[in-house]
Structures are given as structure tokens and as C-alpha cells.
Amino acid sequence: MPKAASTTSPVSVPHVGSRDAGPTTRGSRLRRIMRSQRRYLPVHIVLLTGGVVMVFPFVYQILMSLATDQEVMSVPPTIIPETLHFENYAEVFRKLPFLSQFWTSVIITVGRTAGQVILCSLGGYAFARMRFPGRGVLFGLLLAILMVPGQSYLIGQYRIVRDLGLLETPWGIIAPGLFSAFGVFLMRQAFMGLPNEMEEAARLDGANQWQIFWKIMFPLVRPSLFAVVITTVLWSWNDLLWPLIVTSREENMPLSVGIATLAGQHSSDYTLMMAASTMAMAPIFLLFFSMQKRVIEGLAASGVKG
């Protein structure tokens, strides 16, 4: 006897991935994303405001380098000049030996940076990984140097450089900046963060102290080395006091001192100072944007560890 057909039709359950449930799922997901973004809206506003405040002086400097002295000195201040005076940049080359001062700044920056990378990494490795008598006392004296203002030993540095016959030369400006107590401290902290097992394994393989440093430890602290490079480049490029003491002739001055000479006792060429400063900071901006990833890694790794 055949079975009677069932009168109850099966209930169709929509699949999770069906078209009927799609718009509802997408809409709820979008609402969740919008709610989460609204929570961070005050943070974004604060960061955007801070970014505008930090960028505005650079934008204002570029605009004023194309203005006139009257517009720079006007009250209320002029933000956008009426006419762009690109001849201000050509005037800088007539007032200053810009190219020679530029190359002097490059030589000083490269020399100081190379010296600090070598000496600070060697000193930091010695304090972190080597055992020798008086290590704690020497490191305490090194930290004490950080608490002494640099102006207090300018006279001693000047007499040493004068006796060496290095006045009016880039090497007289470079010499005191070849070493940095902060750089040694930073590299010591980086080397202390490395595991001891790597050094012990290298010793078992027959590596000497120099091979352990150069082939194993040195490549592992590259982020901290970039932090030393960044701070040294910025400090050397913008250094004013020591080059002002060592040099007196315009052709021997770096850019930082040459631009400062545009400020006279009774009057100052503000537009030329703005134009010269814009050209002087251009290489630093190019260096930063070309090595942005390395810069961020170096600054993130410069925290104190251990």
C-alpha cells in the first residue's frame, strides 16, 4: 500500500552565506566598524592637530623665503605673500659662499657620524660584554659626562684644537664630536639585550673577541646604530656654537654658522635667512624620506633595555 504524501512542507532555513542574509550581515559589519572608528575619533583629531602644529613652521618658512622683508615684518603677519620672489634663493649665493659651506657641513656630518658609529659601538660592546678591572667606575664616569653641560669644557677643547693647528679646518670641528657618551650608553644597552648563548656558541667554534663583535654582535644591533646615526647627523648638521668658535672666515664655516651671519646687529635679511635655511634643511628631509623605515626602527630600538 503506497504511503500517503505528507501535507507538511519542509521549512527552508536560509544558509549563512545565502544572498538573503548577505545585506544584513554586511550592514551589521559596517555598523560595527563605524562604531569602533568613532571611539578613536578624538585620538585622530588630537594627532591631526599635533601634525598641523608641527608642520606649520616649515610651511611658513618656505612661504616667507619667497616674500619680502616688509611682508615678513608686517603686523598682523602675512601668511601667503602677494608675489613669489624666487630671486631670494639666487641672492643667497651672492651673499654667502653657499656651496663651500654646504660641503663643509657634509664633511663634518659624515666625519662625526662615522667616528661615533665606530667608537661608540666599540665602547658599548666593551662595557656590555667584556670583563675588566674598573669597568663599573669607568662606566660611572661616562654617565657623569652626560650630566656636565658641554659649554663647561669649550675652553679646554679650543686650546687642544689650537695646539694641534686645526683651527679654521673641518677637522677641528669634527675632532670633539668623534665620541659621544650618550652613544656609548645607547650601544651598551643594545649589546646587553643580546643573548649570551650566541657569544658562547661562537667561542666554541673558535671565534676570537674581534670576530664575535664584528661578525655576530655588530649586525644584530643595527637598529640602535641607526638611532646613533640619526641623532649624530641632526646634531652635526645643526651645530652652531663650536663651529662658531673654531672658524672665523666665511669660506671655512659650515652652513649653520654661515646662515647665522645673515643676522646683523642692526638689521637682518630675514627672507635670505629663510631661503638659506630651506636649502640647508632639504638634504635632511631627503635623507629622512629615503630612510624612513630605518629611522622609525632606529628610534623604536633606542629605548633603554636590560
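The values are calculated or read from the model by the stated rules, or taken from the named source; none is laboratory data. Being a predicted model, the structure only gives us computed values, none of them experimental. Every residue, glycine among them, receives a Cβ derived from its backbone with ideal geometry; neighbour counts consider all protein chains shown. Surface areas here come from the heavy atoms of the whole protein model, side chains and all, with no ligands, DNA or RNA. Shrake-Rupley method; radii C 1.70, N 1.55, O 1.52, S 1.80 Å.
Considering region 250-296, the residues that are at pLDDT 90 or above and assigned to a loop (DSSP other than H, G, I, E, B) include one that is farthest from Tyr60 (Cα to Cα), namely Met253. Output the qualifying pairs, or none if there are none: Cβ atoms under 7 angstrom, residues six or more apart or on different chains, first residue in region 78-93 and on the phi > 0 side of the Ramachandran plot, second residue open to solvent by 40 Å² or more (accessible area, probe 1.4 Å) and in a helix (DSSP H, G or I). Here the result reads none, with nothing in region 78-93 linked to a residue that is open to solvent by 40 Å² or more (accessible area, probe 1.4 Å) and in a helix (DSSP H, G or I). Annotation: of all residues in region 66-86 being open to solvent by 90 Å² or more (accessible area, probe 1.4 Å) and of a type in the set (Val, Ile, Thr), the one that is nearest to Phe56 (Cα to Cα) is Ile80.
Annotation note: of Gly183, Gly172, the sole residue that is among the small types (Gly, Ala, Ser), in a helix (DSSP H, G or I), out of contact with any Gly (no Cβ under 8 Å at 6 or more places or on another chain) and crowded, with 18+ Cβ neighbours inside 10 Å is Gly172.
Within the group Leu234, Leu225, which residue is without any contact (Cβ under 8 Å) to a residue 60 or more places away in the chain and either in contact with a Cys (Cβ under 8 Å, 6 or more places away or on another chain) or in a helix (DSSP H, G or I) (or both)?
Numbers: Leu225 fails: without any contact (Cβ under 8 Å) to a residue 60 or more places away in the chain.
Exactly one residue qualifies, and that residue is Leu234.
Among the numbered conditions (1) over 27 Å from Ala280 (Cα atoms); (2) open to solvent by 70 Å² or more (accessible area, probe 1.4 Å), the only one that Ala128 does not meet is (2).
Within region 201-222, the set of residues being touching a residue at least 12 places away in the same chain (Cβ under 8 Å) and closer than 18 Å to Arg188 by Cβ comprises Gln209, Ile212, Phe213, Ile216, Met217, Phe218, Leu220, Val221. Checked against the criterion of being touching a residue at least 60 places away in the same chain (Cβ under 8 Å) and under 25 Å from Gln211 (Cα atoms), region 129-151 contains one or more residues that satisfy it. When Pro133 is tested against (1) part of a helix (DSSP H, G or I); (2) loosely packed, with under 15 Cβ neighbours inside 10 Å; (3) not β-branched (Val, Ile, Thr), exactly one condition is not met: (1).
Of the residues Ala144, Ala114, which single one is over 15 Å from Phe185 (Cα atoms) and either surrounded by fewer than 16 Cβ atoms within 10 Å (Cβ to Cβ) or modelled with pLDDT of 95 or more (or both)? Result: Ala114 is the single residue among Ala144, Ala114 that is over 15 Å from Phe185 (Cα atoms) and either surrounded by fewer than 16 Cβ atoms within 10 Å (Cβ to Cβ) or modelled with pLDDT of 95 or more (or both).
Scan region 194-202 and give yes if some residue there is open to solvent by less than 80 Å² (accessible area, probe 1.4 Å), of a type outside the set (Asp, Glu), part of a loop (DSSP other than H, G, I, E, B) and farther than 27 Å from Pro223 by Cα, otherwise no.
Of the residues in region 194-202, the ones open to solvent by less than 80 Å² (accessible area, probe 1.4 Å) are 194-195, 198-199, 201-202.
Narrowing the set further to residues that are of a type outside the set (Asp, Glu) leaves 194-195, 198, 201-202.
Now narrow it down to the ones that are part of a loop (DSSP other than H, G, I, E, B): 194-195.
So of that shortlist, the ones also farther than 27 Å from Pro223 by Cα come out as none.
No, the conditions are met nowhere in region 194-202.
Failed condition for Ile62, given (1) more than 11 Å from Leu272 (Cβ to Cβ); (2) in a helix (DSSP H, G or I); (3) free of Cβ contacts under 8 Å to residues at least 24 places away in the same chain; (4) open to solvent by 70 Å² or more (accessible area, probe 1.4 Å), with all others met? Single failed check for Ile62: (3). Taking region 226-262 as the range and being aromatic (Phe, Trp, Tyr) and either open to solvent by 30 Å² or more (accessible area, probe 1.4 Å) or under 19 Å from Gly165 (Cα atoms) (or both) as the test, the residues that pass are Phe226, Trp235, Trp242.
Tell me yes or no: at least one residue of region 82-97 is over 30 Å from Ser256 (Cβ atoms), in contact with an Asp or Glu (Cβ under 9 Å, 6 or more places away or on another chain), at pLDDT below 80 and part of a loop (DSSP other than H, G, I, E, B). No; the residues of region 82-97 include none that is over 30 Å from Ser256 (Cβ atoms), in contact with an Asp or Glu (Cβ under 9 Å, 6 or more places away or on another chain), at pLDDT below 80 and part of a loop (DSSP other than H, G, I, E, B).
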